[in-house]
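K.L.:
Mind having a look at this structure? Questions to follow.
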Amino acid sequence: MRLLRMVGVGSLMHLKMASRSPFEIATGLIVPIVQATMAVYLLRASEQPQNMIKAAVGAGLMGIWSQVLFGSGGAIQRQRWMGTLEMMIISPRPPALTVLPITIATGLQGTYTMAATLVWGWVLYGIVPSFAHPGLFLVAVVVCIVGLGMFGLLLASTFILMRNANAVCNTLEYPIWLLSGMLVPITVLPGWTEPVASILPTTWGARAVHEAATGGAVWPSVGWCLLISLMCFGFGALSMSYVERRARAAATLALA
């Protein structure tokens, strides 16, 4: 119960901090709409309603990934600038558990992104959000957010060591959503990308959401996403402990 309370209070605190940031508020409101507009016009040439649903859902997934990636990196930077990153790392809890609320909070912010893209497509372009499996769609979105959060936790260990974590975020945003098939099918990419895509939880999470929206076997993708997410959490916890010891030994945790 103490662990659940710590994660819950930490997630609520980071959500409050994000709600006070004009940059994050503006980014969260504008970027999903821009991505949804671009995705709709990108796939509008086929004039197939099914592709329009894929565009809206894919844009929502892209927005969730952006929120998790930039939110995690930005939160680590804010903790460093405020001088509280050291307090987080030296707390009696394992480092992965102290950073986990950050990724959960950013994932919760991403739920708005999915809703905003669907509503924007419905109001402006007449894309009625009719899903093949409405109930499974909600399950798939939650599982996808969990997968993105665990992957963000794995990446967050590198953010602690780097002076400017946003530089890493800028390089990882588009390759990951492209490899994950959030908007563009993986089949159109070179063959060597398939093994890389298969080990990413984002790939299986995006596949589950698309299958729930357009029809398909949702549960296998959900199972693979959860399995790889647990592996990401395990590797992230080990990596975080290693990074903590290295940062303490080199006295480079602040990097202000």
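The values are calculated or read from the model by the stated rules, or taken from the named source; none is laboratory data. As the structure is a computational prediction, the values presented were derived from the model and not from experiment. Counting neighbours? That spans all protein chains shown, and the Cβs are built from the backbone with ideal geometry, glycine included.
K.L.:
Of the numbered conditions (1) under 16 Å from the mean Cα position of the chain (by Cα); (2) under 15 Å from MET52 (Cα atoms), LEU148 fails exactly one; give the number of that condition.
P.N.:
In the conditions (1) under 16 Å from the mean Cα position of the chain (by Cα); (2) under 15 Å from MET52 (Cα atoms), LEU148 misses (2) alone.
K.L.:
What about ALA132, is it of a type in the set (Gly, Ala, Ser) and assigned to a helix (DSSP H, G or I)?
P.N.:
no
K.L.:
Would you confirm, using the coordinates I've provided, whether PRO190 is in a helix (DSSP H, G or I), modelled with pLDDT of 80 or more and out of contact with any Phe, Trp or Tyr (no Cβ under 8 Å at 6 or more places or on another chain)?
P.N.:
Taking the combined requirement at face value, the residue does not satisfy it.
K.L.:
Continuing with the same structure: I'm checking my understanding of the structure. Among residues of segment 198-256 that are modelled with pLDDT under 90, in a helix (DSSP H, G or I) and of a type in the set (S, T, N, Q), which one is farthest from THR84 (Cα to Cα)?
P.N.:
THR214
K.L.:
I would also like to ask the following. Is it the case that LEU108 is in a helix (DSSP H, G or I) and surrounded by fewer than 21 Cβ atoms within 10 Å (Cβ to Cβ)?
P.N.:
Against the criterion (in a helix (DSSP H, G or I) and surrounded by fewer than 21 Cβ atoms within 10 Å (Cβ to Cβ)), LEU108 qualifies.
K.L.:
Right, next: Taking LEU124 as the residue in question, decide whether it is in a helix (DSSP H, G or I) and more than 25 Å from GLY8 (Cα to Cα).
P.N.:
Answer is yes for this residue.
K.L.:
Also, quick follow-up: Regarding MET150, is this residue modelled with pLDDT of 80 or more and either over 30 Å from SER241 (Cβ atoms) or of a type in the set (Gly, Ala, Ser) (or both)?
P.N.:
Numbers: modelled with pLDDT of 80 or more: yes; either over 30 Å from SER241 (Cβ atoms) or of a type in the set (Gly, Ala, Ser) (or both): no.
Criteria not met by MET150.
K.L.:
Here's a follow-up. Considering CYS144, CYS169, which residue is touching a helix residue (DSSP H, G or I) at 6+ places or on another chain (Cβ under 9 Å), of a type outside the set (S, T, N, Q) and modelled with pLDDT of 85 or more?
P.N.:
CYS144
K.L.:
Residues to consider are PRO134, PRO129; find the one that is over 15 Å from the mean Cα position of the chain (by Cα) and modelled with pLDDT of 80 or more.
P.N.:
PRO134
K.L.:
Now a separate question. Can you report the number of residues in segment 172-221 which are free of Cβ contacts under 8 Å to residues at least 40 places away in the same chain and either buried (at least 23 other Cβ atoms within 10 Å of the Cβ) or hydroxyl-bearing (Ser, Thr, Tyr) (or both)?
P.N.:
Matching residues across segment 172-221 total 7.
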